[in-house]
Structures are given as structure tokens and as C-alpha cells.
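One structure is given below, encoded as C-alpha cells.
The values are calculated or read from the model by the stated rules, or taken from the named source; none is laboratory data. Fair warning: this is a prediction, and the values are worked out from it, not measured in the lab. When we count neighbours, we look across all protein chains shown, and the Cβ atoms used for this are built from the backbone with ideal geometry, even at glycine. Accessible surface areas use protein heavy atoms only, side chains included; no ligands, DNA or RNA. Shrake-Rupley method; radii C 1.70, N 1.55, O 1.52, S 1.80 Å.
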Amino acid sequence: MTKNIYNNILLKKGFIDAKIDPAIDVVREIKEMAKQKQAVILAHYYQKEEIQDIADFIGDSLYLSQQAAKTNAKVIVFCGVHFMAETAKILSPEKKVLLPDLKAGCSLADSCKAEDFEKFLKDYPGYKVISYINTSAEIKALSDIICTSSNAVQIIRSLPAKEKIVFAPDKNLGNYINGLTGREMVIWNGACHVHEAFSLERILEIKKAHPEAKIIAHPECEKPVLIIADYIGSTSALLKFTLQDDSDSYIVATESGIIHQMRKANPKKVFIAAPPKDSTCGCSDCSFMKLNSLDKLYNCLKYEAPEISVEEGLRKKAEVSIRRMLEISEKYGI
Ligand code: 13P
Ligand code: SF4
């Protein structure tokens with residue numbers, strides 16, 4: 001039976017979404033099943049706290065792709081979104097890669113469809129195509145090098161100064177690194193719905209009430225938020241900054257899941273989630289990231305589904321640009 005048919009039957013019959021009997025110690029069972037099946041659990045910083053706490057490895061997109069490339073485990077359970085699990089499968093095709101909820105997509109990856117991107121590239125012959133890891137395998141196959149928010153600047157700087165660049169799909173990250181590197185760059189018009197949603201006005205109101213708090217922001221945020229930020233960086237860079245900096249409080253302009261790690265690492269410091277423009281909500285959760293739950297993780301390990309598959313021809317093409325990213329990152333010690 002193919003993976004997709006198996007995934008679909010389990011989904012349709014409600015096995016993957018099934019609630020777990022409250023009498024079961026889900027955390028213990030997950031750990032036990034992972035051990036038995038030689039599975040490694042990778043979790044992005046934007047996952048729910050209880051998932052972060054159970055993971056073998058927790059980190060940003062780059063760190064998790066590095067772990068996926070080098071793990072000896074037989075099974076990779078990716079607690080993140082689809083493009084992350086797909087990247088793991090591209091790097092480790094012989095392993096079974098599972099994603100607890102197949103609907104965990106990404107608005108940024110969705111903002112760049114392969115057919116549109118292929119047409120777009122026709123206008124830029126000879127340009128180097130640098131794409132963010134938040135893209136489908138098809139976009140990765142059309143790209144020269146992949147980057148993440150941790151290594152985008154070094155990846156761009158690794159190219160000869162005269163090289164013309166197409167950067168996709170995040171316009172905010174693209175504009176930010178363009179400003180830092182001064183390279184000739186054409187930028188795709190995509191964005192992440194979470195990072196674009198931050199309200200400058202509401203952040204400034206919080207800053208007024210807590211003038212001592214430093215504003216720290218992910219480069220996927222819009223320019224006005226980046227202008228007022230005291231520090232800009234990837235999720236792991238923001239976490240590191242809170243450890244090295246001597247402030248007592250921070251306004252955090254990225255998905256709120258990272259605050260769990262910031263609080264664990266700095267128990268005496270105060271972290272305030274930057275609020276979105278929609279004033280009915282105080283949080284900044286990625287609805288895709290938060291689809292994964294402990295119950296789904298339990299079912300995912302039990303049934304070994306949903307499983308990610310990538311057609312071999314496409315996988316091989318997409319692997320080239322991801323491997324280039326890993327090589328450059330290694331060279332720069334990132
Ligand atoms: P990093 O993991 O590179 O910080 O990116 C954040 C993000 O948007 C992941 O979806
Ligand atoms: Fe995609 Fe934004 Fe969610 Fe990251 S936070 S997975 S970029 S929608």
C-alpha cells in the first residue's frame with residue numbers, strides 16, 4: 001500500500017485526529033514508542049510548550065535540518081510544518097519522516113507557487129536564485145541555494161559581489177538582507193501572516209508602559225517593526241541575545257512559542273509577546289505550527305503516519321540547493 005493511501009485511510013477513519021484516553025500517560029507512551037521504533041523527535045521553537053518539552057532536539061529551521069541530515073534514527077518525527085518535514089525527507093530519503101498533522105502548512109511557502117515562480121524566473125536569466133527554506137520541494141528544485149534566517153546574510157555574502165540575485169519568497173527578510181549586503185537583488189512578494197501581523201502602534205504602547213524593555217524582532221517582520229527593534233535575528237539568535245544581553249525585559253516580535261525557551265533560559269527576566277494588529281487577540285501564534293498536539297504526536301508514532309513522501313526525481317533536484325546551504329553554513333560555523 002502506498003504511503004498516501006495509508007495516510008488517507010487513517011485520516012478518514014479518524015485515527016490520526018483521535019483523542020487519547022486521559023488515563024494514558026501520553027508523555028511516557030510517546031517516549032517509550034520513540035525508543036522502541038528508534039525515532040527521533042525534532043521540534044521547532046514555535047511548537048506548543050508540551051511538544052517542545054518532549055522533543056529530542058529543539059531549534060530553528062537550520063538547526064533542525066542539520067539534525068535531520070545527520071541523525072542515525074530510523075524514523076524522524078518532525079514537530080513543525082510541512083516544508084520542514086519535507087526538507088528532512090529530501091535530506092534523509094531512506095528514513096521514515098512523519099508529521100503529526102499534514103495540514104500544518106505555511107502561509108509564506110504558499111505565497112510562492114512553483115508555476116508562478118518558474119514564469120517569474122524567465123525574466124531574470126543568469127541570476128542566482130536564493131530561496132528561503134520556507135518553500136516547497138518544487139521551489140527548492142528551482143533554486144541554486146537555500147537559506148534560513150540564521151544564515152541568509154552569509155549565504156548572500158558567499159556569492160561574488162557582482163552576482164545578481166533573485167530572493168524568494170519573503171519580501172521582509174529579502175529587504176532586510178538586501179539592506180545589510182547591498183547586493184543587486186530582485187525580491188519575490190511573499191510574506192508570513194504571523195510576522196506581518198504585528199502592530200507597530202500596540203508594540204509602542206507596550207514600550208511606553210515598559211520603557212526599559214528591549215524590542216527584539218525576527219527579520220520576517222515588516223520594516224517599521226524592524227526600525228524600532230533593538231535587536232533583529234532568527235529565532236535562535238533572539239534566544240541567544242536574551243542570554244547574553246543584560247536587560248531584564250523584552251518585547252518579543254516573533255511567533256510566541258520561542259518565549260517558552262526564553263523563559264526557561266532566563267527565569268528572572270520578563271518576556272512580553274508583541275501583539276498583532278487584530279486587537280481582539282493578544283498573542284502571535286502560528287495556527288499551522290500549533291496544529292500539532294501531544295495526542296497527534298502519540299497517534300503519529302503509534303500508526304507511523306502521516307508519512308511524508310517526495311518523488312525521487314524532484315527530491316534529487318531539491319537536495320542540491322539544500323546541501324549547498326548546509327556546506328556554506330558548515331564553512332562559516334553556523
Ligand atoms: P527560523 O526558524 O529560521 O527562525 O524561522 C522562523 C520561521 O518562520 C519558521 O517557520
Ligand atoms: Fe510559515 Fe510564518 Fe508559520 Fe513560520 S510562522 S511556519 S513562516 S506561517
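So which of GLU319, GLU312 ends up being more than 29 Å from ILE259 (Cβ to Cβ) and buried (at least 16 other Cβ atoms within 10 Å of the Cβ)?
Details: GLU312 fails: buried (at least 16 other Cβ atoms within 10 Å of the Cβ).
Within the list GLU319, GLU312, the selection yields GLU319.
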Matching residues, segment 263-289, being without any contact (Cβ under 8 Å) to a residue 24 or more places away in the chain and within 16 Å of ligand 1 (Cβ to nearest atom): ALA273, SER287
Hits in segment 160-172 (condition: farther than 14 Å from SER111 by Cα and open to solvent by less than 20 Å² (accessible area, probe 1.4 Å)): ILE165, VAL166
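Can you tell me which residue is surrounded by the most Cβ atoms within 10 Å (Cβ to Cβ) among those in segment 239-261 that are part of a helix (DSSP H, G or I), touching a residue at least 24 places away in the same chain (Cβ under 8 Å) and among the aliphatic types (A, V, I, L, M)?
The first filter runs over segment 239-261 and keeps only residues part of a helix (DSSP H, G or I), leaving 239-244, 258-261.
In the following step, the residues that additionally are touching a residue at least 24 places away in the same chain (Cβ under 8 Å) were identified as 239, 241-242, 258, 260-261.
Checking the rest, the ones that are also among the aliphatic types (A, V, I, L, M) come to 239, 258.
On the way: LEU239: 22, ILE258: 24.
Per the criteria, the residue is ILE258.
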Qualifying residue in segment 11-19 (condition: small (Gly, Ala, Ser), open to solvent by less than 20 Å² (accessible area, probe 1.4 Å) and in contact (Cβ under 8 Å) with a residue 60 or more places away in the chain): no
Filtered residues of segment 165-208 (kept if over 16 Å from ILE146 (Cβ atoms), of a type in the set (Gly, Ala, Ser), within 16 Å of ligand 1 (Cβ to nearest atom) and assigned to a helix (DSSP H, G or I)): ALA197
Tabulated pairs, segment 99-123, first farther than 17 Å from SER293 by Cα and among the aromatic types (Phe, Trp, Tyr), second open to solvent by less than 20 Å² (accessible area, probe 1.4 Å) and within 16 Å of ligand 1 (Cβ to nearest atom), C-beta under 7 angstrom, 6+ apart or interchain: PHE117/ILE139; PHE117/ALA168
Conditions (1) of a type outside the set (A, V, I, L, M); (2) within 14 Å of ligand 1 (Cβ to nearest atom); (3) crowded, with 19+ Cβ neighbours inside 10 Å; number of the one not met by GLY105: (3)
Test: VAL81 is surrounded by fewer than 20 Cβ atoms within 10 Å (Cβ to Cβ) and under 25 Å from ARG263 (Cβ atoms): no
